[in-house]
Amino acid sequence: MKRSLFMLAVAGILALPLFATGCASEAVQAQNFGRPKAAPLSAAKVAYPQKNNDTPTPKVTLPVNEWKKRMDPQTFSVTREADTEAPYKNRYWDLHETGTFQCAACGLNLFSSETKFESNTGWPSFYEPLAKNRVAEHKDNLLGYVRTEVVCARCDSHLGHVFDDGPKPTGLRYCMNSAALVFAKKK
């Protein structure tokens, strides 16, 4: 009897993400402790290729304690530990200004506001990155099913996940964490 109750509980836990839609299936509550974060690494000295260029992005690597010093706890948790912030309670899910979204850890320009769209998931979503070499994708089966994790190609920071239910022209939805991004408003 105890074993069958245990098996039912495990089955319910494993099936739960399958019933959630969008990024909500990966929601993990994260707290913002209000500590100011250090400025991201300067990207000004590195010339980045234009849109859809496949030239590799130069890598930035730092020890864990250095990343921790540069970021507030929520940004560190999301970018270095692959955590997920709460939906609808983050900085950029409802932002409608013109500009560029950069990696919060290293400052690499990742997404344009021109490709941002309303996904109704509670996280900022884009149908493509600025260039193919700005992000890298990895298979992620942490929740018991396969997803595609998106990381910054420059510093390997976790950004979010990409799904194949986005709008045209790509049909992709890059569902990103606001805590992994910094918005640079167009002047």
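In table form, for the structure just shown:
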{"quantity": "Nonlocal amide H pairs with GLY99, under 5 Å, H built at 1.01 Å", "calculated": "SER113, GLU114, LYS186"}
{"quantity": "12 Å Cα-Cα reach of LYS187 towards aspartates and glutamates, excluding residues that sit fewer than 8 places from it in its own chain", "calculated": "GLU97"}
{"quantity": "Peptides ranked, highest mean first, by Cβ atoms within 10 Å: ranges 132-143, 102-113, 72-83", "calculated": "102-113, 72-83, 132-143"}
{"quantity": "Above-threshold pairs, the threshold being 24 Å between Cα atoms, out of LYS89/LYS185; LYS59/LYS139; LYS89/LYS132", "calculated": "LYS89/LYS132"}
{"quantity": "The range 136-146 - phi-based ³J(HN,Hα) in whole Hz, Karplus 6.51/-1.76/1.60, Gly and Pro as x", "calculated": "10, 10, 9, 5, 9, 10, 4, 8, x, 9, 7"}
{"quantity": "Under Karplus coefficients 6.51, -1.76 and 1.60, residue-wise ³J(HN,Hα) of the range 102-112 in Hz, glycine/proline x", "calculated": "10, 5, 5, 8, 10, x, 5, 5, 10, 9, 9"}
{"quantity": "Per-residue ³J(HN,Hα) for the range 68-74, Karplus 6.51 cos²θ - 1.76 cosθ + 1.60, θ = phi - 60°, Hz, x for Gly and Pro", "calculated": "4, 5, 7, 10, 6, x, 5"}
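Each value in this text was obtained by applying a stated rule to the coordinates, not by laboratory testing. Not measured: the values here are computed from a predicted model. Virtual Cβ from ideal backbone geometry, glycine too; neighbours counted across all protein chains shown.
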